[in-house]
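Engineer: Got a structure here, written out as structure tokens. Questions coming.
Derivation of every value follows stated rules applied to the coordinates shown; laboratory data play no part. Note that the coordinates shown come from a computational prediction; the quantities given were computed from them, not determined experimentally. Using ideal geometry, Cβ is built from the backbone for each residue, glycine included, and neighbour counts are taken over all protein chains shown.
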Amino acid sequence: MNVTRPAFAFLPRLLGLGLLTGLLAAPVLAQGVYRIVGPDGRVTFSDQPPPAGQGNRPAAGAASGPAPAASAQLPYELRQISSRFPVTLYSSRDCAPCNSGRNLLNARGIPYVEKTIDSAQDTEALQRLSGDTSLPFLTIGGQQIKGYSDTEWTKFLDAAGYPKQSALPSSYRRPAPSPLVAVQTEAAGARGAAPASTPPAQQQAPAAEPAPPNPAGIRF
């Protein structure tokens with residue numbers, strides 16, 4: 001005797017499959033954000049590393065997980081989860097929802113990397129990465145979550161397999177927050193070293209623009 005199962009009986013399975021698909025998706029943010037300032041002062045953004053020999057290093061962009069030193073302190077199972085589904089929090093000063101999200105991650109013992117949005121360049125890079133400028137912005141593997149929601153964040157952390165209670169050892173130290181974009185200038189050797197007779201005052205790089213306390217366009 002064949003019995004037809006109600007359609008809603010398959011919803012839990014479909015929901016679980018959808019969450020897993022999102023977490024396993026190729027991380028759009030896994031690549032670094034490169035901000036390159038040329039000798040002429042021209043600024044370019046790219047998600048591809050600069051050609052070898054130019055002396056540029058990746059700017060501080062989307063992280064693939066905690067720093068190696070921090071990861072080495074994690075229990076084996078937690079280290080495996082954070083390697084498969086790295087967590088990155090994008091935050092800013094004077095952002096109350098960011099504080100709420102950070103408190104949730106800390107209370108649950110989630111190893112994560114925090115990127116701060118404190119300058120106009122950071123805001124531009126965030127727009128390129130997420131398609132928006134709202135904060136907080138969280139990534140769990142390939143899953144992107146805009147805004148803070150205790151229920152939604154918990155749902156995706158559970159789907160990724162993170163423990164509900166902290167399993168971090170007492171010796172664990174979280175990586176310090178760092179700007180989303182770090183300016184890197186082309187090496188002098190790439191365009192020819194400055195003459196030795198050049199006065200030191202002429203060799204100084206232009207002063208970096210001060211970061212505004214709350215860049216225009218950021219929404220909490």
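Engineer: Provide the convex hull volume over Cα atoms per residue for the range 63-179, in Å³.
Structural biologist: In the range 63-179, the Cα hull volume divided by residue count equals 96 Å³.
Engineer: Hey, another quick one. Report ³J(HN,Hα) in whole Hz for each residue of the range 152-164, in order, from the Karplus equation J = 6.51 cos²θ - 1.76 cosθ + 1.60 where θ = phi - 60°; Gly and Pro get x.
Structural biologist: Karplus values, whole Hz, x for Gly and Pro: 5, 4, 4, 4, 6, 5, 5, 5, 6, x, 5, x, 6.
Engineer: While we're on this one: Name the residues whose placed amide hydrogens come within less than 5 Å of the amide hydrogen of Asp118, ignoring near sequence neighbours (fewer than 5 apart) on the same chain.
Structural biologist: Here the answer is Leu180, since their amide H atoms fall under 5 Å of that of Asp118.
Engineer: Listed highest first by mean packing, meaning other Cβ atoms within 10 Å per residue, what order do 137-145, 103-111 come in?
Structural biologist: With the highest mean Cβ count within 10 Å placed first, the list reads 137-145, 103-111.
Engineer: Still on this structure: Show which lysines lie in cross-link reach of Lys155 when reach means a straight Cα distance below 17 angstrom and same-chain residues fewer than eight apart are skipped.
Structural biologist: Lys146, Lys164
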